[in-house]
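Here the structure comes first, spelled out in structure tokens, and everything after it is commentary.
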Amino acid sequence: MLLGKVSLTPALCTALRISPAFSGIQKQIGAAATQNARLYASSQAAEAVLDKQAVGTTTATKAATAKKAQSVESQSFAVNMFKGQINPSQVFPFPSVMNEEQTQFLQELVPPVSKFFEEVNDPAKNDSLEKVEDSTMESLKEMGAFGLQVPQDLGGVGLTNTQYARLVEIVGQHDLGVGITLGAHQSIGFKGILLVGSPAQKEKYLPKLATGETLAAFCLTEPASGSDAASIKTLATLSPCGKHYILNGGKIWISNGGLAEIFTVFAKMPMMDEKTGQMKDKITAFIVERSFGGVTHGPPEKKMGIKASNTAEVYFENVPVPIENVLGEVGGGFKVAMAILNNGRFGMAAALSGTMKGVITQAVDHAANRVQFGSKIHTYGAIQEKLARMTMLQYVTESMAYMISGNMDSGSKDYHIEAAISKIFASEAAWEVTDECIQVMGGMGFMKDAGKHLKSLQKALKNPLGNAGLLAGEITKRAKRTAGLSTGLTLQGSVHPELSHSGNLAVKAIEHFGVTVEDMLLKYGKNILHEQFVLKRVADSAIDLYAMVVVLSRASRSLSQGHASAQHEKILCETWCIEAYDRIMKNVKDLKSSSTTQVFKNMKAISAAVVENGGIVAPHPLGF
Amino acid sequence: MSRVLVGVKRVIDYAVKIRVKPDHSGVVTDGVKHSMNPFCEIAVEEAVKLKEKKFIKEVVAVSCGPTQVTETIRTALAMGCDRGIHVEVSGKDYEAMGPLQISKIFAALAKKEEASLVILGKQAIDDDCNQTGQMTAALLDWPQGTFASEVTIDGEKVKVVREIDGGLETIKISMPAVLTADLRLNTPRYATLPNIMKAKKKKIANMKPADLGVDEPPTRLAGVKVETVDDLVAKLKANGTI
């Protein structure tokens, strides 16, 4: 019996030559909190490969007797990719989810929002004041920018995820400081109320939040709890009268911390575990009003970028929170936090695709006009390579953003890996694109007045948190596939014929990727979660693979619809796929090679030495 | 004092780099960003301001052209106009249309809607004609306050400060009248998202020029080049122009 409930196509079975000798091997896979988005993505996907117990919210140290839950057939492309399978339902064709009315409405919204950011908002001023100008904040509130996804009957604009993405793209194109102020407020700050709030909570809080009369902030991180969010120490205890929870603790790095009136706060509560009869700490989410008393905040943190966004510490001292203000279930706070972050994450890809668009325009403008050695610099190969890479990175990010928002709007609940991929990809791409733009522009690129975003790009959203659930399940060995064996996997019929070569690269990459994942799981078993050198390469490959498929989908659509830009997009797509395929194959090869294993060992040793020495170890070449 | 008619024209956005079509028959308009003529925005803003100050009850936004002009009417509605009128003209007729045609349509509408004021932008940024306001007033035999940089309602009269070559001129005209907006008349408001949402519920009526008794635009005749001024004068005398 293979991988429990994973469905296997007959072709797959034949190709894998499942051998009965390998069946029945079972291993328990223990989960551990993962360190960052990359690892989160790969470990989350690793879960999917194995039968898993229903993901719990407790920190995982138990290896409970496996209660094998039915693993639901996942529609997520990424999840299936880790199994070496193709489920094209969410990626082909490229989603087109808006009806005529929604499209028309969005088309009307784009010009005034663009105009506002071009003419009224002053990013340089906001940056030097280290706050968004008061008049700009007022105008943004009047404009309705603070309640874009709040339903219309509660005073908001009622946008879908795709519509929201399109507007956030404009903000990202002009001023990420404003982008974070808006995002911290609505993308995460009060998103919990939208997602899991009771009707009474929604009616009470959303109208004022939508108009910006009150601002919101998301309070999870603490000095000792960043990636390891489940370890937070802020405490909520039920008051003797039973009508309030008393909140005590401190949160750090809170965007809008100094401005907000409404806080979504996560705190631990000791609760009786029914099964064991023991008291356990569980996390609960609360809606906390500053007006409850006991809520204070620190001065604005001095940041290197997005200075206009307010970041501050927030302290809760004996804050009485009415029991009606529990958000979601008592003890279910971790799930609420995950839901909020998963739901808002695609916004980063959308905003940053706008940022890159703006930055590329600057670079192109410079390259098209600057003359050196008698020619415009855009005629030189080095510049051309930079511009081409920047363009591809923007194309991929934009494609991811709208594919995911399209999936979400179609009702998918299965998009979390893709959202995580899009967030890392967008952040890293945006840094690279901006850096390359500075390079293209030469000295001017480094000047504040060059109108660049410079270091104001930040990975603004928290890194997603380690899943604290248990992985339990079976893994069986599969016969290794030799290269060249057909698995029956194909993207034919999904990908436009003109892109079939790139489509084949994607299929081959998926096949190799799937084998590599299994090999790694076989080799390391449950300890894979500690093998971050390996996980990083697996995650990088996953990201590259999803990126390939996303651009294949988008370019296929442009070709089928006969867009004027279709041939250009075809080139973008093919070039991306060739390079991504090479990177994936290199990662696959590295993971099999013993010299890479040696490299990992060496890096570990180097790191240990440097840590022990408190700095570099080798003495100065000059001897002093 | 009840109703104001505001004309809004959909033009290529001022920030766009204009490109000439390969066959030199015109400029590229397909896929190019269009928006409301900036002077029309100022006209709408003035009308909405008058309504907010309670001098008038209703502002009606009017545009002539193909289906796309409804976007421009919607922007006017989002800025505060109460309803819209879309006079449908498309294809070759639209390309041949000029100020004379438009002003006939506006004159007919002003009478039909019993407007007290017709406010237009002083000129459009695509053709820069600066004729429609003046022609409309002439067809209606109404007073005109053109190049307005300040408008004040004073009972049954309108005080208009006009920007002219020599400086500023202040006139007082009776209503009903035609005004054309100049740059410094006001700063148009930004359409807010809630207002755009409200605008979706406002009505836009559809009609054709024929419904207003206005005929097809005449086919444009080819021009003739002449060598000298004397030739020009002779030709003009010959066809009865002078």
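Miscellaneous remarks
- Pick from region A:128-157, criterion more than 8 Å from chain B (Cβ to nearest Cβ), free of Cβ contacts under 8 Å to residues at least 40 places away in the same chain and among the charged types (D, E, K, R), ranking: farthest from residue A:307 (Cα to Cα): A:153
- Within region A:277-316, tally of residues that are in a strand (DSSP E or B) and either in contact with a His (Cβ under 8 Å, 6 or more places away or on another chain) or of a type outside the set (S, T, N, Q) (or both): 17
- Of all residues in region A:371-396, exactly one satisfies the criterion of being aromatic (Phe, Trp, Tyr), surrounded by fewer than 20 Cβ atoms within 10 Å (Cβ to Cβ) and within 36 Å of the chain's Cα centre (by Cα), namely A:380.
Per-residue answers, yes or no, for (1) of a type in the set (S, T, N, Q); (2) over 28 Å from residue A:97 (Cα atoms); (3) within 12 Å of another protein chain (Cβ to nearest Cβ):
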{"residue": "A:126", "(1), (2), (3)": "yes, yes, no"}
{"residue": "A:159", "(1), (2), (3)": "no, no, yes"}
{"residue": "A:162", "(1), (2), (3)": "yes, no, no"}
{"residue": "A:174", "(1), (2), (3)": "no, no, no"}
{"residue": "A:177", "(1), (2), (3)": "no, yes, no"}
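- Flag for residue B:148 being assigned to a strand (DSSP E or B) and among the small types (Gly, Ala, Ser): yes
- Check on residue A:35, modelled with pLDDT under 90, in contact with a strand residue (DSSP E or B) (Cβ under 8 Å, 6 or more places away or on another chain) and more than 14 Å from chain B (Cβ to nearest Cβ): no
- Once region B:4-15 is narrowed to residues that are crowded, with 21+ Cβ neighbours inside 10 Å and either of a type outside the set (A, V, I, L, M, F, W, C) or not in a strand (DSSP E or B) (or both), the residue that is farthest from the other protein chains (Cβ to nearest Cβ) is B:7.
- Any chance residue B:194 is surrounded by 12 or more Cβ atoms within 10 Å (Cβ to Cβ), without any contact (Cβ under 8 Å) to a residue 12 or more places away in the chain and either within 14 Å of chain A (Cβ to nearest Cβ) or assigned to a strand (DSSP E or B) (or both): yes
- Members of region A:316-354 found to be under 11 Å from the mean Cα position of the chain (by Cα), over 20 Å from residue A:201 (Cα atoms) and either of a type in the set (D, E, K, R) or surrounded by fewer than 24 Cβ atoms within 10 Å (Cβ to Cβ) (or both), listed by number: A:342, A:345
- Checking each residue in region A:552-598 for being touching a residue at least 60 places away in the same chain (Cβ under 8 Å) and among the aliphatic types (A, V, I, L, M) picks out A:552, A:559, A:572, A:578, A:580, A:584, A:585, A:588, A:591.
- The single condition among (1) part of a strand (DSSP E or B); (2) exposed (fewer than 12 other Cβ atoms within 10 Å of the Cβ) that residue B:179 does not satisfy is (2).
- Only one of the numbered conditions (1) surrounded by fewer than 21 Cβ atoms within 10 Å (Cβ to Cβ); (2) away from chain A (no Cβ under 14 Å); (3) at pLDDT 95 or above is not met by residue B:204, and that is (2).
- Cβ separations smaller than 8 Å between residues 6+ apart or across chains give the following pairs from region B:16-28 residues that are assigned to a strand (DSSP E or B) to residues that are of a type in the set (D, E, K, R): B:27/B:19; B:27/B:21.
- Counting only strands (runs of 3 or more DSSP E) that sit completely within region A:222-275, those holding 1 or more residues that are β-branched (Val, Ile, Thr) and in contact (Cβ under 8 Å) with a residue 60 or more places away in the chain correspond to A:244-255, A:262-272.
- Here residue B:158 meets each of (1) in contact with a helix residue (DSSP H, G or I) (Cβ under 9 Å, 6 or more places away or on another chain); (2) crowded, with 22+ Cβ neighbours inside 10 Å with one exception, condition (1).
- Residues of region A:340-368 that turn out to be within 14 Å of residue A:439 (Cα to Cα) and among the hydrophobic types (A, V, I, L, M, F, W, C), as a count: 5
- Verdict on residue A:213 being modelled with pLDDT of 95 or more, closer than 24 Å to residue A:149 by Cβ and not in a helix (DSSP H, G or I): yes
- Looking across A:521, A:535, one residue alone is surrounded by fewer than 23 Cβ atoms within 10 Å (Cβ to Cβ) and in contact (Cβ under 8 Å) with a residue 24 or more places away in the chain. It is A:521.
- Residue B:189 vs. criteria part of a loop (DSSP other than H, G, I, E, B), in contact (Cβ under 8 Å) with a residue 24 or more places away in the chain and either surrounded by 13 or more Cβ atoms within 10 Å (Cβ to Cβ) or touching a Phe, Trp or Tyr at 6+ places or on another chain (Cβ under 7 Å) (or both): yes
Quick grid of which residues meet (1) within 15 Å of the chain's Cα centre (by Cα); (2) within 14 Å of another protein chain (Cβ to nearest Cβ); (3) part of a helix (DSSP H, G or I); (4) among the charged types (D, E, K, R):
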position	(1), (2), (3), (4)
B:44	yes, yes, yes, no
B:47	yes, no, yes, no
B:74	no, yes, yes, yes
B:78	no, yes, yes, no
B:100	yes, no, yes, no
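- Filtering region B:169-191 to residues that are within 14 Å of another protein chain (Cβ to nearest Cβ) and under 17 Å from the mean Cα position of the chain (by Cα) leaves only B:188.
- Criterion: at pLDDT 90 or above, within 14 Å of another protein chain (Cβ to nearest Cβ) and out of contact with any Gly (no Cβ under 8 Å at 6 or more places or on another chain) - qualifying residue of A:79, A:91, A:113: A:113
- Only one entry of A:363, A:368, A:430 meets the criterion of being small (Gly, Ala, Ser), farther than 29 Å from residue A:197 by Cβ and surrounded by fewer than 18 Cβ atoms within 10 Å (Cβ to Cβ), and that entry is A:368.
The values are calculated or read from the model by the stated rules, or taken from the named source; none is laboratory data. These figures come from a predicted structure and were not determined experimentally. Reconstructed Cβ throughout: ideal geometry from the backbone, glycine too, with neighbour counts over all protein chains shown.
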